[in-house]
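Visitor: The structure's right below; bear with me while I get my questions together.
The values are calculated or read from the model by the stated rules, or taken from the named source; none is laboratory data. These numbers were taken from a predicted model, which means no experiment stands behind them. Heads up, the Cβs are rebuilt from the backbone with ideal geometry, glycines too, and the neighbour counts pull from every protein chain shown. We work out accessible area using only protein heavy atoms, side chains counted, and drop any ligands, DNA or RNA first. Shrake-Rupley method; radii C 1.70, N 1.55, O 1.52, S 1.80 Å.
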Amino acid sequence: MAGNVPVTQSLDDIYPQDALDIQRKRWSKLLSSFKDAYGRPAEFVSRSPGRVNLIGEHIDYSLYEVIPMAVTADVLLAVAVSPANGTPTVRIANVQSDKFATRSFTLAQDGGVDIDAKSHEWTNYFKSGLRGATELLKKHAVKGIGQLNIDILADGTVPAGGGLSSSAAFVCASALAVMRAHGQETVDKKELVELAVVSERAVGVNSGGMDQAASVFSQRGSALYVGFQPELSARTIEFPQTHTPLTFVIAQSFVAADKHVTAPVCYNLRVVECTLAARVLASICGLKDLPDDSSPLGFSLRSFHDSYFKKKGAVGDDVKDFRSQLDQLVHIVDNYLPQEEGYTRQQISDLIGTSVDELEKRYMTKFPVRADTFKLRQRAMHVFGEAVRVLKFMDLLQSPTPSNEQESEELLKGLGGLLNDTQESCRDVYECSCPELDELCKLARSAGAYGSRLTGAGWGGCSVHLVPQAKVEAVKKAWEEKYYKKHFPDMDAEKLQDAIVVSKPGSGSTLFQVAGRESL
């Protein structure tokens with residue numbers, strides 16, 4: 001998946017045929033609104049999509065492999081640049097100006113910008129992308145950093161808090177825009193992903209890397225297999241040709257799942273729990289002087305995994321061996337982390353041989369969390385079990401093409417069963433579901449879905465469902481009548497239509513060159 005972010009002057013290179021009419025109207029409105037707002041035309045548009053995670057939930061920040069795909073919904077940033085004859089200034093507006101207020105801020109001489117992670121301000125996501133891109137520009141010794149005025153108009157169709165990763169799409173689009181604004185006509189995809197992962201953490205979220213990888217690397221019509229060890233990697237996955245077409249349907253719960261707001265008790269807490277589980281297991285197994293890794297807090301369950309089996313002389317390059325190792329780790333957790341009720345700070349400190357003050361300083365200061373006990377057993381059980389499910393899912397996707405209807409049915413049921421198992425683990429072990437997501441999954445299965453689960457961080461947002469094409473309408477009807485009309489009786493037809501999306505794998509980040517275009 002190495003290479004540069006594509007540059008195009010055609011929307012046909014970005015969207016599927018059935019989306020072009022709507023997207024042309026949207027882009028035309030964006031570009032005309034930009035000219036109205038700033039009195040000059042946009043020079044280019046930076047675009048990054050949202051994503052849906054098919055399987056591999058909450059394991060990317062533990063550095064285990066995941067399988068996401070991009071969606072058509074995306075973030076667009078129309079941009080124009082001019083030399084700064086004075087203090088360099090960024091002006092950023094949003095087409096939804098009633099919801100996202102127009103902002104203006106100045107840049108330091110080195111192009112840097114302050115970010116208040118405690119403030120839930122929409123432009124923080126742009127600033128985090130700006131900060132990361134600036135660091136990369138310095139690394140490449142680009143001249144003129146921090147000497148530009150940049151005008152931006154944003155438009156996003158990835159629902160905020162909807163579980164399709166609007167934040168990663170925004171940060172990726174922002175970093176890409178800043179790179180292009182400084183004359184970088186070729187932007188390396190891997191560098192963009194790596195800077196976006198680190199950049200988003202400046203907003204106050206311990207992000208893993210799946211969201212950014214899916215947003216940048218994705219290719220239309222394919223899912224991605226994303227790995228993080230020994231370094232970031234991604235490759236496309238083709239879906240098998242089955243007698244019953246394989247269809248993924250996304251349903252909104254309309255329960256907001258804002259990682260920034262709930263992070264201390266939800267997302268960031270889970271990152272801390274997984275990291276502490278890794279530290280405790282390493283200590284119990286006699287592993288010392290372990291190197292830091294690229295995970296948010298510097299040590300992950302994957303690093304414990306690799307170090308443990310390296311000590312035993314087992315490498316595990318083979319998928320079968322790797323799966324066997326994961327099964328063994330489940331037994332280790334079962335034996336050595338028995339406390340279902342969780343572990344206190346003092347208990348964890350005693351197990352890893354440090355003070356409570358040092359424990360809090362090392363793992364709970366950069367991204368504060370609120371908890372009296374930490375459920376190390378459950379979090380490690382989920383991560384190792386989910387990593388196994390990803391391997392099984394890949395095995396099924398790479399199995400021989402079904403030769404008849406019965407083989408197709410068995411394949412789809414196998415894939416769906418793994419999605420169902422993930423949902424049960426997310427609900428009962430990782431505790432990141434919510435009643436509304438559980439309800440959507442139950443309704444979909446009863447109406448004919450092969451498999452259903454939450455997608456994204458959880459605690460609200462979206463669910464993803466593997467549905468036979470012949471059952472899509474039945475599933476949609478079940479949701480409309482038994483979920484949306486019940487919970488949202490005043491919902492209009494337009495919002496109801498937006499609530500359910502039959503998803504096709506979309507394309508990744510793109511730079512669209514406006515100059516010289518007479519029409520879209």
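Visitor: Considering segment 162-182 alone, what residues qualify as being open to solvent by less than 20 Å² (accessible area, probe 1.4 Å), assigned to a loop (DSSP other than H, G, I, E, B) and not hydroxyl-bearing (Ser, Thr, Tyr)?
Guide: Passing the criteria: 162, 163, 164.
Visitor: I would also like to ask the following. Look through 432, 426 and report the one residue that is part of a loop (DSSP other than H, G, I, E, B) and either in contact (Cβ under 8 Å) with a residue 12 or more places away in the chain or of a type in the set (Gly, Ala, Ser) (or both).
Guide: Result of the check over 432, 426: 432.
Visitor: Take the conditions touching a residue at least 40 places away in the same chain (Cβ under 8 Å) and surrounded by fewer than 14 Cβ atoms within 10 Å (Cβ to Cβ) and apply them to residue 39. Does it pass?
Guide: no
Visitor: Continuing with this model, one more query. Would you check if residue 78 is closer than 17 Å to residue 192 by Cα, open to solvent by less than 20 Å² (accessible area, probe 1.4 Å), part of a strand (DSSP E or B) and in contact with a strand residue (DSSP E or B) (Cβ under 8 Å, 6 or more places away or on another chain)?
Guide: Against the criterion (closer than 17 Å to residue 192 by Cα, open to solvent by less than 20 Å² (accessible area, probe 1.4 Å), part of a strand (DSSP E or B) and in contact with a strand residue (DSSP E or B) (Cβ under 8 Å, 6 or more places away or on another chain)), residue 78 does not qualify.
Visitor: Let me ask another. Please pick out the residue among 295, 303 that is among the hydroxyl-bearing types (Ser, Thr, Tyr) and touching an Asp or Glu at 6+ places or on another chain (Cβ under 8 Å).
Guide: It is 303.
Visitor: Taking only segment 404-428 into account, find how many residues are open to solvent by less than 40 Å² (accessible area, probe 1.4 Å), of a type outside the set (S, T, N, Q) and either closer than 20 Å to residue 462 by Cβ or not assigned by the TED database to the domain that holds residue 469 (or both).
Guide: Number satisfying all stated conditions: 5.
Visitor: Also, quick follow-up: Could you go through segment 348-363 and let me know if any residue there is under 16 Å from residue 274 (Cβ atoms), in contact (Cβ under 8 Å) with a residue 12 or more places away in the chain, aliphatic (A, V, I, L, M) and touching a Phe, Trp or Tyr at 6+ places or on another chain (Cβ under 9 Å).
Guide: yes
Visitor: So residue 274 fits all but one of (1) out of contact with any helix residue (DSSP H, G or I) (no Cβ under 8 Å at 6 or more places or on another chain); (2) not assigned by the TED database to the domain that holds residue 411; what number is the exception?
Guide: All conditions are met except number (1).
Visitor: Every residue in segment 183-205 that is open to solvent by 30 Å² or more (accessible area, probe 1.4 Å), in contact with a strand residue (DSSP E or B) (Cβ under 8 Å, 6 or more places away or on another chain) and farther than 17 Å from residue 233 by Cβ, please.
Guide: 185, 186, listed by residue number.
Visitor: May I ask you to verify whether residue 396 is open to solvent by less than 40 Å² (accessible area, probe 1.4 Å) and either over 21 Å from the mean Cα position of the chain (by Cα) or in contact (Cβ under 8 Å) with a residue 24 or more places away in the chain (or both)?
Guide: no
Visitor: Oh, and also: Starting from segment 403-414, take each residue that is without any contact (Cβ under 8 Å) to a residue 40 or more places away in the chain and list its partners that are open to solvent by less than 60 Å² (accessible area, probe 1.4 Å), counting only C-beta distances under 6 angstrom and pairs at least six apart or across chains.
Guide: Every condition considered, the pairs that remain are 413/450; 414/396.
Visitor: Among the numbered conditions (1) at negative phi; (2) among the small types (Gly, Ala, Ser); (3) surrounded by 14 or more Cβ atoms within 10 Å (Cβ to Cβ), tell me where residue 111 comes up short.
Guide: Only one criterion is unmet by residue 111, namely (1).
Visitor: Still on this structure: Yes or no: residue 263 modelled with pLDDT under 90 and either over 24 Å from residue 420 (Cα atoms) or open to solvent by 20 Å² or more (accessible area, probe 1.4 Å) (or both)?
Guide: For residue 263, the condition - modelled with pLDDT under 90 and either over 24 Å from residue 420 (Cα atoms) or open to solvent by 20 Å² or more (accessible area, probe 1.4 Å) (or both) - is met.
Visitor: In the set 197, 142, 158, 193, which member is closer than 20 Å to residue 268 by Cβ and of a type in the set (Val, Ile, Thr)?
Guide: Being closer than 20 Å to residue 268 by Cβ and of a type in the set (Val, Ile, Thr) holds for just one of 197, 142, 158, 193, which is 197.
Visitor: With the structure loaded, tell me whether residue 290 is in contact with a Leu (Cβ under 7 Å, 6 or more places away or on another chain), aliphatic (A, V, I, L, M) and not assigned by the TED database to the domain that holds residue 489 or whether it fails that test.
Guide: no
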